[in-house]
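Structure record follows, encoded as structure tokens.
The values are calculated or read from the model by the stated rules, or taken from the named source; none is laboratory data. Just so you know, these numbers come straight off a predicted model, no measurement behind them. Note that we place each Cβ from the backbone using ideal geometry, even for glycine, and neighbour counts take in every protein chain shown.
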Amino acid sequence: MTLNFITGNPGKLREAKSILGDVENIDLDLPEIQELDPQKVITEKLKEATKNHEGEFFIEDTSIYLQGLNGFPGPLIKWLLQSLGTEGIANLIKKYDNHKATAKTVIGYSNGKDIHFFVGEINGTIVQPRGDNDFGWDPIFQPEGYDKTFAEMSTEEKNAISHRKKAMIKFKEFLDQHQ
């Protein structure tokens, strides 16, 4: 059976194929519920996808949890970025003593009956925007143990340590055991 990745992001698709191998893309515009729990967001998206298509699907949700804001925004980062931008988020966090953050990817997989989740995360610090890669919050996230933000790293450097890769590897291990 074909494994379908529901994403409109070609970079995420490339990374998934490099780890998982044979993956097909389905570019569906699915409604996204407003929820702080990424598993609930993914579950609703997978339910909606299975209404329109048969097969095995996976979806990923990438969030950032700011410790100075008690974990906010989590899965709501897209809207915080739209409202404040990376510089605005960095300036907001600067007002707090705690600049730590956790980047987390949650993958949800549906075989048509069950949903399984796989989580990858990396800790870091929110800094003033740096770097040329202006993807999401990459310019303000500096992973622990590194002196560069994700935006200052090459794609290969970032993908080698990323939260998404960690989640994808857990997902691949699951698929290898169940196929």
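Numbers at a glance
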read-out	value
Residue satisfying all of: in the stretch 50-69; among the aliphatic types (A, V, I, L, M) and either touching a Leu at 6+ places or on another chain (Cβ under 7 Å) or buried (at least 22 other Cβ atoms within 10 Å of the Cβ) (or both); modelled with the lowest pLDDT among these	59
Lone qualifier among 141, 135 - being within 21 Å of residue 71 (Cβ to Cβ), in contact with a helix residue (DSSP H, G or I) (Cβ under 8 Å, 6 or more places away or on another chain) and in contact (Cβ under 8 Å) with a residue 40 or more places away in the chain	141
Every pair of residues 6+ apart whose Cβ atoms lie under 6 Å, when the first sits in the stretch 77-103 and is over 19 Å from residue 34 (Cα atoms) while the second is at pLDDT 95 or above and of a type in the set (D, E, K, R)	102/121
Tally, over the stretch 70-79, of residues that are assigned to a helix (DSSP H, G or I) and either surrounded by 20 or more Cβ atoms within 10 Å (Cβ to Cβ) or modelled with pLDDT of 95 or more (or both)	1
Selection within the stretch 115-150 - outside any strand (DSSP E or B), of a type in the set (Phe, Trp, Tyr) and under 26 Å from residue 6 (Cα atoms)	135, 137, 150
Verdict on residue 112 being of a type outside the set (Val, Ile, Thr), touching a residue at least 24 places away in the same chain (Cβ under 8 Å) and not in a strand (DSSP E or B)	yes
